[in-house]
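For reference, the structure discussed in these notes is given below.
The values are calculated or read from the model by the stated rules, or taken from the named source; none is laboratory data. On a predicted model such as this, the values are computed, not experimentally measured, just so you know. Positions of Cβ are generated from backbone atoms using ideal geometry, with glycine treated the same way; all protein chains shown enter the neighbour counts. Quick note on the areas: whole protein, heavy atoms, side chains included, nothing else; ligands and nucleic acids left out. Shrake-Rupley method; radii C 1.70, N 1.55, O 1.52, S 1.80 Å.
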Amino acid sequence: MQLVVARIGRAHGIKGEVTVEVRTDEPELRLGPGAVLATEPASTGPLTIETGRVHSGRLLLRFEGVRDRTAAEALRNTLLIADVDPEELPEDPEEFYDHQLMDLDVVLADGTEIGRITEITHLPSQDLFIVERPDGSEVMIPFVEEIVSEIDLEEQRAVITPPPGLINESEAVVVSSRDEESAAPDDGSGAGTAESGDDD
């Protein structure tokens, strides 16, 4: 099975290094020196990793045969793809490969069906499940312990305990107009705005 493990970013320096956007929980395994990776577009690869190092929080890679900035820049936006045994599991039992999570049914603790995982997005702060609902709409579920309470691979389901408003916007905690009318004059404290929708 082939999995996307990184996307090549901009060139770094003049000696052929590139920044990469890591899309695997095991970069030391998938993106270590000597690893041979397929690419998308396929015509760019395969690429063999020669060196790797972390600089200012970003992973920098250099590939065999890529010796200058021009060659490195030509690789920009290329996806790096690793061959992974479908039966292989991460060392940490609390971690999962993307292919294990794809197509899992997403349900509430009481069994209510929410939808099916169709995509997994890896952000710097957290991962997101893109869940397709029965009506065709999509909802994004942060893959964090507070919300995703259980991953059951045998039952092929993910059990979630979403906060109000995550699944149904109508359940979001908001201040009603009646509350606003009866509330004391605004003292500037910002009370009642905890559900601001800020993603930061």
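Structure above, values below:
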{"read-out": "Selection status of residue 17, of a type in the set (Asp, Glu) and touching a His at 6+ places or on another chain (Cβ under 9 Å)", "value": "yes"}
{"read-out": "Every residue from the range 23-34 that is closer than 11 Å to residue 61 by Cα and surrounded by fewer than 20 Cβ atoms within 10 Å (Cβ to Cβ)", "value": "32, 33"}
{"read-out": "Matching residues in the range 45-64 - criterion: being part of a strand (DSSP E or B) and open to solvent by 50 Å² or more (accessible area, probe 1.4 Å)", "value": "50, 53, 54, 55, 58, 62"}
{"read-out": "Subset tally (residues that are farther than 13 Å from residue 82 by Cβ, in a strand (DSSP E or B), of a type outside the set (Gly, Ala, Ser) and over 22 Å from the mean Cα position of the chain (by Cα)) for the range 1-44", "value": "2"}
{"read-out": "Long-range neighbours under 6 Å by Cβ, at least six apart or interchain, first residue of a type in the set (A, V, I, L, M) within the range 26-49, second part of a loop (DSSP other than H, G, I, E, B) and surrounded by fewer than 16 Cβ atoms within 10 Å (Cβ to Cβ)", "value": "36/46; 38/46; 49/33"}
{"read-out": "Among the candidates 24, 48, 39, 19, residue that is over 24 Å from residue 99 (Cα atoms) and of a type in the set (Val, Ile, Thr)", "value": "19"}
{"read-out": "Residues satisfying the stated conditions in the range 114-144, i.e. within 16 Å of residue 97 (Cα to Cα) and open to solvent by 80 Å² or more (accessible area, probe 1.4 Å)", "value": "119"}
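Condition check ((1) buried (at least 17 other Cβ atoms within 10 Å of the Cβ); (2) out of contact with any Asp or Glu (no Cβ under 6 Å at 6 or more places or on another chain); (3) at pLDDT 90 or above) across all residues:
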site	(1), (2), (3)
1	no, yes, no
14	no, yes, yes
18	yes, yes, yes
21	no, yes, no
43	no, yes, no
